[in-house]
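Q: Before we start, here is the structure in question, set down as structure tokens.
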Amino acid sequence: MGYPLPGAGYFELNRRMTNFAIELNGISKSFGPVQANKDIDLAVEAGTIHGIVGENGAGKSTLMSILYGFYVPDEGSINVFGEPLEFNSSQKAIEAGIGMVHQHFMLIPVFTVAENVALGHEPTKALGVIDLATARKNVIEISERFGFNVDPDALIEDLPVGVQQRVEIIKALSRDAKVLVLDEPTAVLTPQETDELMEIMRELAKSGTSIVFITHKLREVKAVADRITVIRLGKVVGTAKPEASTSELASLMVGREVMLTVNKEPATLGKVVLTVENVSVLDDRFQKAVNDVSFEVHEGEILALAGVQGNGQTELAEFLLGLRKPLGKEGKSSLSGKEITNASVRQSLESGMGFIPEDRKTDGLVSEFTVAENLMLNSSYKSRFTKGLNINFAARKQIANEVIQEFDVRTPSAETPAHKLSGGNQQKVVVARELSRKINLLIASQPTRGVDVGSIEFIHERIIAERDSGKAVILISTELDEVLALADRIAVMYRGKIVGVVDPSTSREDLGKLMAGVTL
């Protein structure tokens, strides 16, 4: 039976009696045989920014989903400003003063800012007519108070992602959120937008709002958090002040020492491997996502295509693989001197292309297939995997075991279904499949998205090794740290165009300008 929710007056009284906005005590949660959280204690001081970091699958999101009422814990208790509460719905969490900004925004694109903010608790006039004037006023008041600079009448679909995120924060604050949970809030932001968000977080904390900041970006959590909690394998393994070194935090996250810097020699360029000329591509809505793009990639270099997600990088990668056709007759592409403009996916792969897709679960793996089956997905018809018209199961098992060992895939066996592996090991299966065959071009799209620090280290090393062996590499990443660490050249995309090609010594500020469409 849940605890009754106290009124606003009680919360005001109780805030004066406790230093903690949130206290989670002994929280445990299992999903079948998988224990996502184990006896977790977490206390967030009022008016502070509390960072939570951990590997992919460590239990961070499950814990916040319990706090926000998505899940009910198997064991443990939750105190909000000293009052024990039990949430079995997000509505109760909201009523208790908890707001959450999800990584994937929950906004209706064709609604205005005011309509989105009011949605679900609409102010009304006589006869139940929605009072949009009051909704607009609420947006303006919150926006002016925190310097958000958001137009209440703007359509969401017309706003940049950084402003859309501010709308999500305004939506939470309009519901009187005193605790704000931000789930990977910088994943879709430019460096300037990230800096602006951090300043907003600081202003919110000064005003008394308590913030829980979930992230995998250690540099950012160190820059803004007052306290950092590290979760590993569903347990709290340590808390730290932001003065802790990045390497110390990374070691806590993965349970071993991790190299966070990428060591590579200067590139030695060979002949041109890939040529792209005047390519334009439509997206799924038949809008021009890639607009007259041209570039070359050489042997022995990593060309990074950088930019905020949604500026044509995905569609360009899908064109190169053969999943999309170019618009018009002007666009052309060739690989090792052979035209692949209208090649099929198999023809592109047979031409020597390796492809790591941005979404491993949707495009990189068949989750119900075993590790061994996934490792042969794009080569199942080749002689090394076949015996006459049948699969050579003995050869497949031997090859799978060799690849598993070489790429350090942590799996009980080659016959384990892919969905039972951690995110990092699933990604290693995808990387291993592409790099264990003969290629001359690697396209790595978001290769470390949703991957733990230890797996990032390994994947980066393998990408550098491909470059050093003379392969051409295209890195598509929204992670600026990753781009700066790996790239030999950086091509920045904005609204389907390459707006600048720079070297990795370019400042973050200048890269951020290019990512926002400002030419240098």
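Q: Condition check: surrounded by fewer than 22 Cβ atoms within 10 Å (Cβ to Cβ), within 16 Å of residue 191 (Cα to Cα) and touching a Pro at 6+ places or on another chain (Cβ under 6 Å). Does residue 484 satisfy that?
A: On the way: surrounded by fewer than 22 Cβ atoms within 10 Å (Cβ to Cβ): yes; within 16 Å of residue 191 (Cα to Cα): yes; touching a Pro at 6+ places or on another chain (Cβ under 6 Å): yes.
For residue 484, the condition - surrounded by fewer than 22 Cβ atoms within 10 Å (Cβ to Cβ), within 16 Å of residue 191 (Cα to Cα) and touching a Pro at 6+ places or on another chain (Cβ under 6 Å) - is met.
Q: Let me ask something additional. Conditions: (1) out of contact with any helix residue (DSSP H, G or I) (no Cβ under 8 Å at 6 or more places or on another chain); (2) crowded, with 16+ Cβ neighbours inside 10 Å; (3) aliphatic (A, V, I, L, M). Residue 249 meets all but one. Number of the miss?
A: Unmet condition: (1).
Q: Which one of these is part of a helix (DSSP H, G or I), surrounded by 18 or more Cβ atoms within 10 Å (Cβ to Cβ) and touching a residue at least 24 places away in the same chain (Cβ under 8 Å): 188, 212, 167, 181?
A: Details: 188 fails: part of a helix (DSSP H, G or I); 212 fails: part of a helix (DSSP H, G or I); 181 fails: part of a helix (DSSP H, G or I).
Within the list 188, 212, 167, 181, the selection yields 167.
Condition check ((1) part of a loop (DSSP other than H, G, I, E, B); (2) in contact (Cβ under 8 Å) with a residue 60 or more places away in the chain; (3) more than 15 Å from residue 173 (Cβ to Cβ)) across all residues:
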position	(1), (2), (3)
91	no, no, yes
104	yes, no, yes
116	no, no, no
121	yes, no, no
127	no, no, yes
133	no, no, yes
137	no, no, no
144	no, no, no
151	yes, no, yes
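Q: Can you tell me how many residues within segment 143-198 are acidic (Asp, Glu) and within 21 Å of the chain's Cα centre (by Cα)?
A: Looking only at segment 143-198, we keep the residues that are acidic (Asp, Glu), and these are 144, 151, 153, 157-158, 168, 176, 183-184, 193, 195-196.
Checking the rest, the ones that are also within 21 Å of the chain's Cα centre (by Cα) come to 157, 168, 183-184, 193, 195-196.
Final tally of qualifying residues: 7.
Q: Would you mind stating whether residue 199 is without any contact (Cβ under 8 Å) to a residue 24 or more places away in the chain and assigned to a loop (DSSP other than H, G, I, E, B)?
A: no
Q: Check off (1) of a type outside the set (Lys, Arg); (2) closer than 29 Å to residue 423 by Cα; (3) crowded, with 22+ Cβ neighbours inside 10 Å for residue 358 and give me the number that stays unchecked.
A: Single failed check for residue 358: (3).
Q: Cβ-Cβ distance below 9 Å, separation of 6 or more or different chains: which pairs start in segment 309-323 with a residue that is under 11 Å from residue 443 (Cα atoms) and end on one that is among the small types (Gly, Ala, Ser) and in a helix (DSSP H, G or I)?
A: Taking only residues 6 or more apart or on different chains, the pairs are 320/348; 321/348.
Q: Here is a follow-up. Can you tell me which residue in segment 346-373 is nearest to the chain's Cα centre (by Cα), limited to those that are in a helix (DSSP H, G or I) and among the hydrophobic types (A, V, I, L, M, F, W, C)?
A: As a first pass, look at segment 346-373 and keep what is in a helix (DSSP H, G or I): 346-350, 360-364, 371-373.
From what is left, the residues that are among the hydrophobic types (A, V, I, L, M, F, W, C) are 349, 371-372.
Working: 349: 27, 371: 24, 372: 27 Å.
Selected residue: 371.
Q: Count, please, the residues in segment 485-515 that happen to be touching a strand residue (DSSP E or B) at 6+ places or on another chain (Cβ under 8 Å), aliphatic (A, V, I, L, M) and assigned to a helix (DSSP H, G or I).
A: Start the filter on segment 485-515 by keeping residues that are touching a strand residue (DSSP E or B) at 6+ places or on another chain (Cβ under 8 Å), which leaves 486-493, 495-504, 506, 510-511, 514-515.
From what is left, the residues that are aliphatic (A, V, I, L, M) are 486-487, 490-493, 498-499, 501-502, 511, 514-515.
Imposing the further condition that a residue be assigned to a helix (DSSP H, G or I) reduces the set to 486, 511, 514-515.
Adding up the residues that qualify gives 4.
Q: Find the residue count for segment 151-171, including only residues that are aliphatic (A, V, I, L, M) and at pLDDT 90 or above. If you could, list the steps in order and put the result at the bottom.
A: Initially, segment 151-171 is screened for residues aliphatic (A, V, I, L, M), giving 154-156, 159, 161, 163, 167, 169-170.
So of that shortlist, the ones also at pLDDT 90 or above come out as 154-156, 167, 169-170.
Final tally of qualifying residues: 6.
Q: Additional query: Of the residues 212, 230, only one is within 24 Å of residue 149 (Cα to Cα), at pLDDT 90 or above and of a type outside the set (S, T, N, Q); which? If you could, list the steps in order and put the result at the bottom.
A: Details: 230 fails: within 24 Å of residue 149 (Cα to Cα).
Selected residue: 212, the only one of 212, 230 that is within 24 Å of residue 149 (Cα to Cα), at pLDDT 90 or above and of a type outside the set (S, T, N, Q).
Q: Could you list, in sequence order, all residues of segment 280-316 that are more than 17 Å from residue 495 (Cβ to Cβ) and assigned to a loop (DSSP other than H, G, I, E, B)? Before the answer, list the steps.
A: So the first thing to find is which residues in segment 280-316 are more than 17 Å from residue 495 (Cβ to Cβ), and the list is 296-304.
Once the filter is applied, which keeps residues that are more than 17 Å from residue 495 (Cβ to Cβ) and assigned to a loop (DSSP other than H, G, I, E, B), segment 280-316 yields 299, 300, 301.
The values are calculated or read from the model by the stated rules, or taken from the named source; none is laboratory data. Predicted, not measured: the structure shown is a model, and the values here were computed from it. When we count neighbours, we look across all protein chains shown, and the Cβ atoms used for this are built from the backbone with ideal geometry, even at glycine.
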